[in-house]
Each structure stands twice: as structure tokens, then as C-alpha cells.
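Each remark here refers to the structure printed beneath this line.
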Amino acid sequence: MKADFAPPSFQDWQKRGSFVEVLGHRLFVIDEGKGEEVIAILHGYPSCSYDYYRILPILSSHYRIVIHDHLGFGLSAKPTNYSYSLIEQADIAIGLWEALGLSEVHLLAHDYGTSVATELIARYNRGSEPIRLKKIILGNGSMHIELAKLQWTQKLLRTKLWGPILANLSTKGLFNRSMKKLWFDKTTLHQAELDVLWAMLRHNSGIKTFPMVSRYLWDRQTFWHRWIGGLQQTDKHIDLIWADKDPVAIIDMAHLLHQEIPHNTLQLLPNVGHYPMLEAPVAYAKMVLQAVQAK
């Protein structure tokens, strides 16, 4: 693993953001950049806004960037009396953007965040768009859950019986091994990044809520027709940016989405794994900017 720079620490990242109360819950929010246009980012599972620390300086030099930790993730609240439905996560995102006074955003979503984004698209198709979605960029999310190559830990965590048991037995070593499988070029992975992501996962008693958060995979099955159907029916243009060596959200998903979404553009990141914003930040940021700036 390379060690040519020091990733921000847990404390550094916490100081960089602020907290906003949305629908009775405390959300951690990174809000940087002074551009008139806003890119709102929906991060993936099981991580948080920290995923974007490497591309934030690139994007924020052009746009205002708003990233929040989903409820149950990172530094945000992790209530035990909550469903953690992806539909409720969409409500939280809209509530935050409204609280920040945003009327329109470019939307960038990865992994777990892509399902929150497809819920917003489904609502738009039905005539509800409280925050106008301009450019929509989706990448490396197992929206086609039937094609996903889930890790064994993901399969167990979503079960009512084994999920709590596995969560209580989770260790930093197990987390590290699971995450390292998601990088294609292991030389780009920094142990310090994994250390912070593990601390974020455990923060606010996150181990207790981890099984509930992990059941989002059932939402992808339950609402498959609403979300995949929404992509198939929408008149919105969708930009797909896909790292082609993702072992979970495999490249076949990108090609299928490219075939079935009426208006879309597909860009592939060659020889990159599940976290392109960490593994190939410059190339990924360049593709995001190209998508946002395209006419």
C-alpha cells in the first residue's frame, strides 16, 4: 500500500463539516465550494462522506459540493428505532437540501446512494420533484440486485437471525478484509483510510444499527419495479460512470442499464474497483465534471 500522503483523520473530517437537524435527526454535512451550481452527493455502503475526501478539492474548485452522511452512517445519528428504508433516506436527503435552501442540484450517487437516487427519479416520474434534479450521475450501485455478486457478510447481515450476531462479532480485521476485496489496484489503498472508515462505522454505537442498515438489500428487491422501472421510463438523461473491475456491482449491470435507460451516457473507468473516488480520484473526478458540464 502506498503512503505518499496522509489521509484526513477522523477528527479532521469531523471538524471539516457541520451538523444539520432534518426530520428530527442530526445529520453530518460537508458543504464546500463557492460555485453557484451545486453537486449533491449520495454516498455508498458501509462508508460515508469520507469516501470523497480525495475528489472534493477538485470538484469544489468548480461547484458547491454538499455531501451528507446518510442516517445510520458515519457521523450522522444512528437511531435504533428507525426502519432505515431507502425511501426514508430519500426523504432525509430532500429535507436536508430544503434546509440548506437549495432549489436544484446536480446529483452524484454511488453504491447505496444510487437506490436513493432511483427513488427520487421514481418520484419525479410521478410528478414530484421538490428539488430539481439537473444532471444525474449514477455509478457502481447494485440496482440490478439480481446481478450483484454479494459478499457473504452482506448476505448474512441482511438476515434477522444472523445479522445482529455477525454485527456484534465484527472486528476491524474482518472489515479490512471485506473492504480490500473491493479494490482492483491494491497499491492505491491506504490503511489509514480503512482505519477512519471503521471508526466512522462504529461511531454512535453503529455496530448496533449495522444489521438494520444492511437490510437495504431487501428494499432493492421489494421496490425493483419502482426503481428499475423508473429508470426505464424516465425522460431524465442519466449519466453512468462505472468502474469496470467492481467485484460486486459488476460491469454487466452498467451495460444492462445502458441498454434499458432511454436517455443515457456510459463512461467506463478501466481497471478500477468499487470505490473509484478513492482508487482513481483524478480520472473519476474528470468524468464527473465532464458529465455535469456536458450540454
The range 19-73 - Kirkwood radius from inverse mean 1/r over Cα pairs (Å): 11.6
Evaluated at q = 0.18, 0.24, 0.27, 0.29 Å⁻¹: base-10 log I(q)/I(0), Debye formula over Cα of the range 38-100: -0.68, -1.09, -1.26, -1.35
Carbon/sulfur fraction of accessible area - the chain, other protein chains in place, 1.4 Å, %: 53
By average C-beta atoms within 10 angstrom, highest first, the peptides 62-69, 123-130: 62-69, 123-130
Reachable lysines from LYS236, criterion Cα separation under 26 angstrom, eight or more residues apart if same chain: LYS134, LYS135, LYS286, LYS295
Under DSSP loop assignment and at most 16 Cβ neighbours within 10 Å, longest GluC sites (Glu not before Pro)-free interval of the chain: 38-295
Dimensionless Rg ratio for the range 180-295, taking C-alpha atoms and the 2.2 N^0.38 Å reference: 1.24
Relative contact order (%) - criterion: Cα under 8 Å, at least six apart; region: the chain: 21
With all protein chains modelled, accessible area of HIS237 [1.4 Å, Å²]: 80
Of all DSSP beta bridges in the chain, antiparallel share, percent nearest 5: 30
Net charge dipole size for the chain [Lys, Arg +1 and Asp, Glu -1 on Cβ; Debye, nearest 20]: 680
Candidate values (1) 134; (2) 118; (3) 231, label of the one derived for volume of the Cα convex hull per residue in Å³: (2)
Alpha-carbon centroid distance for the pair the range 1-57 / the range 185-256, whole angstrom: 17
Simple Cβ-charge dipole of the range 197-244, Lys/Arg +1 and Asp/Glu -1, about Cα centre, in debye nearest 20: 340
Cross-link reach list, aspartates and glutamates versus LYS186, counting only Cα pairs under 12 Å and skipping chain neighbours closer than eight places: GLU279
Reachable lysines from LYS208, criterion Cα separation under 29 angstrom, eight or more residues apart if same chain: LYS15, LYS78, LYS149, LYS155, LYS160, LYS172, LYS180, LYS181
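The values are calculated or read from the model by the stated rules, or taken from the named source; none is laboratory data. All values reported here derive from a predicted model rather than from experimental measurement. Counting neighbours? That spans all protein chains shown, and the Cβs are built from the backbone with ideal geometry, glycine included. Side chains are part of the model used for accessible areas, which takes the heavy atoms of the whole protein and leaves out ligands, DNA and RNA. Shrake-Rupley method; radii C 1.70, N 1.55, O 1.52, S 1.80 Å.
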